[in-house]
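Asker: Starting off with a structure, shown below.
The values are calculated or read from the model by the stated rules, or taken from the named source; none is laboratory data. Small disclaimer: the values here were computed from a predicted structure and weren't measured. Cβ placement follows ideal geometry from the backbone for every residue including glycine, while neighbour counts extend to all protein chains displayed.
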Number of protein chains: 2
Amino acid sequence: MQAYLDCVVCLVRQCLDASRMLTDKIEIQEKILRQVLLEISSMSFEQSPPYMALKVHRLIREIARDGDPYKEVKELFNRVALELYPELKEKIKGSPDPLETAVRLAIAGNIIDFAVSGNLDRNEVEKTIINSLQQPLAINKLPQLREAAREATSILYLGDNAGEVVFDRLLIEELQPAAKITFAVKGHPVINDATMEDAVATGLTQVVKVVSNGSDAPGTILELCSPEFQRWFKNTDLIIAKGQANYETLSEAAEKVYFLLMAKCPVIARDIGCQVGDMVVLHKNRG
Amino acid sequence: MQAYLDCVVCLVRQCLDASRMLTDKIEIQEKILRQVLLEISSMSFEQSPPYMALKVHRLIREIARDGDPYKEVKELFNRVALELYPELKEKIKGSPDPLETAVRLAIAGNIIDFAVSGNLDRNEVEKTIINSLQQPLAINKLPQLREAAREATSILYLGDNAGEVVFDRLLIEELQPAAKITFAVKGHPVINDATMEDAVATGLTQVVKVVSNGSDAPGTILELCSPEFQRWFKNTDLIIAKGQANYETLSEAAEKVYFLLMAKCPVIARDIGCQVGDMVVLHKNRG
């Protein structure tokens, strides 16, 4: 998906948020913001939005001398999500269709927009989870995904954010046997995306094979991933891609990709053909 | 009021909106956005937000070769507000305290955020008007304003937006005698701020003396106003300043200024000490 001019505004806001997570010093926040504005002013808008995000977040980390602005937020969200795990596990076990419930919760993990704010309101999280179990899926390719998962000999699951990986773990536990699943995390920190550290912290590595995609881009920009990851991507039967950034970077990719996400911004909702707030299990049939 | 880094994000969004009002051509919108980003990246953040807005909107008009992106929107809002005029006039006449009702409606004219979107929803406007008549004033210096207006021999009323001036007209008609009132509009178009053209189009010039402040800045940046306007400002007994931009530029000004506005952004709400959405009649007592 190509970037829209709206993505520029959103990216500037994201960078200001990142700078504030990094430091309380206004003068450093200002320095980051100015450099980001300058960088974006001459950046190509031909690529997907995560490609632009990659570039500015690299810049921020450079200014921060490799500090990770999102480190604390990610740790907090991992912890909170882990506290929810037992209760969510019960919900899945007790439901008439555990796979559907797990898919809905995996999307809920994406809805609880851990990227948006450091202020985690537990009531909001509970509300989002309850909603996700009731809200209709605006695009529902779950029957096809269910079938494809059953038939696949190998599944590559592309993770999204820290915290959210706990919700992914619940889905993976339903997508048995875990032996055929590989879970991909980012190679380096970017925004609040999950890395190997988060996979370890949330116990995901004990449930499924976890690999790094070798990249520091949000989503999955294939040409920036490691050759090894590119081979996995090519050779796997089925890909489950979580979250907006994976949609933005892979919406033109192979037919074996299923997207699980909530449309959180108007640009992506328009591209998908749904409303902001919609939950979707999306599959793009080619030809 | 000094700019906050949040104002930068808001300004980038405003410029994208302006570029879209100006043209449907994405390449021109992109050109404007890139130049705005470059300009802001090296701009002083020491001034008030309207000072920054002034600079980028000048830049946009330059790229647009003096075209006014907001021309059509302003004409539309003047027309819609004029259609409401008779009904609002009746509301004031029939109310137990016509001055208070007129003040509330003047603030409502500012609430109906003509700056925010070109999509004017008539139901929303009606709802805003009804709300404005019921909602408590979070800061209520109306008794003092009422007294000051009675005692003043000259009142300078600083207008804000096109469309909104119709609501100001209603208040001016209650602040009799009109002979002692002077209404100030912008010297040149900037965003959707009212200029002499709007004052004429909405019949304001038939009710009160209307003068230009000689400036193309939002709000009232005194040092950029004409010497003549500066003298009026200095010599008048009482100043009624409408809207956020006037607050941003005059919050440190003389004690004779009363601000009528709705706090529409968190930065201004924090500065005032109220909540977003609050209506205020504000007066800063010094010492």
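Asker: Within the stretch B:47-66, can one find any residue that is under 30 Å from B:Gln206 (Cα atoms) and surrounded by fewer than 21 Cβ atoms within 10 Å (Cβ to Cβ)?
Answerer: Checked the stretch B:47-66: at least one residue is under 30 Å from B:Gln206 (Cα atoms) and surrounded by fewer than 21 Cβ atoms within 10 Å (Cβ to Cβ).
Asker: Further question: Residues in the stretch B:68-106 that are in contact (Cβ under 8 Å) with a residue 40 or more places away in the chain and loosely packed, with under 15 Cβ neighbours inside 10 Å: how many?
Answerer: Number satisfying all stated conditions: 1.
Asker: Inspect the stretch B:79-89 for any residue being part of a helix (DSSP H, G or I), in the same structural domain as B:Arg20 (by TED's automatic domain parsing) and at pLDDT 90 or above and give the result as yes or no.
Answerer: Looking through the stretch B:79-89, none of the residues is part of a helix (DSSP H, G or I), in the same structural domain as B:Arg20 (by TED's automatic domain parsing) and at pLDDT 90 or above.
Asker: If I filter the stretch A:38-48 down to residues being in contact with an Asp or Glu (Cβ under 9 Å, 6 or more places away or on another chain) and facing another protein chain (nearest Cβ under 9 Å), which single residue comes out as modelled with the lowest pLDDT?
Answerer: Selected residue: A:Phe45.
Asker: Please verify whether A:Lys31 is surrounded by fewer than 19 Cβ atoms within 10 Å (Cβ to Cβ) and within 14 Å of another protein chain (Cβ to nearest Cβ), treating the condition exactly as stated.
Answerer: Here the answer is yes, as A:Lys31 does meet what is asked.
Asker: Out of A:Gly118, A:Gly109, A:Gly159, which single residue is under 30 Å from A:Arg231 (Cβ atoms), at pLDDT below 95 and not charged (D, E, K, R)?
Answerer: None of the others qualify; the one that does is A:Gly109.
Asker: So the check is Cβ under 8 Å with 6+ separation or different chains; which pairs have a first residue in the stretch A:244-255 that's more than 20 Å from A:Ile107 (Cβ to Cβ) and a second one that's in a loop (DSSP other than H, G, I, E, B) and hydrophobic (A, V, I, L, M, F, W, C)?
Answerer: A:Glu252/A:Met1
Asker: Scanning the stretch B:16-71 for residues that are of a type in the set (Gly, Ala, Ser) and not in a loop (DSSP other than H, G, I, E, B), which turns out farthest from B:Ala194 (Cα to Cα)?
Answerer: Ranking the candidates gives B:Ser41 first.
Asker: While we're looking at this one, here's another question. Go through the stretch B:1-27 and give me each residue that's of a type in the set (A, V, I, L, M), more than 21 Å from A:Glu27 (Cβ to Cβ) and more than 11 Å from every other protein chain (Cβ to nearest Cβ).
Answerer: B:Ala18, B:Met21, B:Leu22, listed by residue number.
Asker: What's the number of the condition B:Glu147 fails, among (1) closer than 29 Å to B:Leu16 by Cβ; (2) surrounded by fewer than 20 Cβ atoms within 10 Å (Cβ to Cβ)?
Answerer: Unmet for B:Glu147, out of (1) closer than 29 Å to B:Leu16 by Cβ; (2) surrounded by fewer than 20 Cβ atoms within 10 Å (Cβ to Cβ): (1).
Asker: Applying the selection to the stretch B:72-92, what residues are hydrophobic (A, V, I, L, M, F, W, C) and under 18 Å from the mean Cα position of the chain (by Cα)?
Answerer: Listed by number, the residues that qualify are B:Val73, B:Leu76, B:Phe77, B:Val80, B:Ala81, B:Leu82.
Asker: Has the stretch B:277-286 got any residue that is more than 17 Å from the chain's Cα centre (by Cα), assigned to a loop (DSSP other than H, G, I, E, B) and at pLDDT 95 or above?
Answerer: Within the stretch B:277-286 (the criterion being more than 17 Å from the chain's Cα centre (by Cα), assigned to a loop (DSSP other than H, G, I, E, B) and at pLDDT 95 or above), the answer is no, since none of the residues qualifies.
Asker: For residues that are buried (at least 19 other Cβ atoms within 10 Å of the Cβ) and farther than 16 Å from B:Ser215 by Cβ, tally how many sit in the stretch B:227-250.
Answerer: Final tally of qualifying residues: 5.
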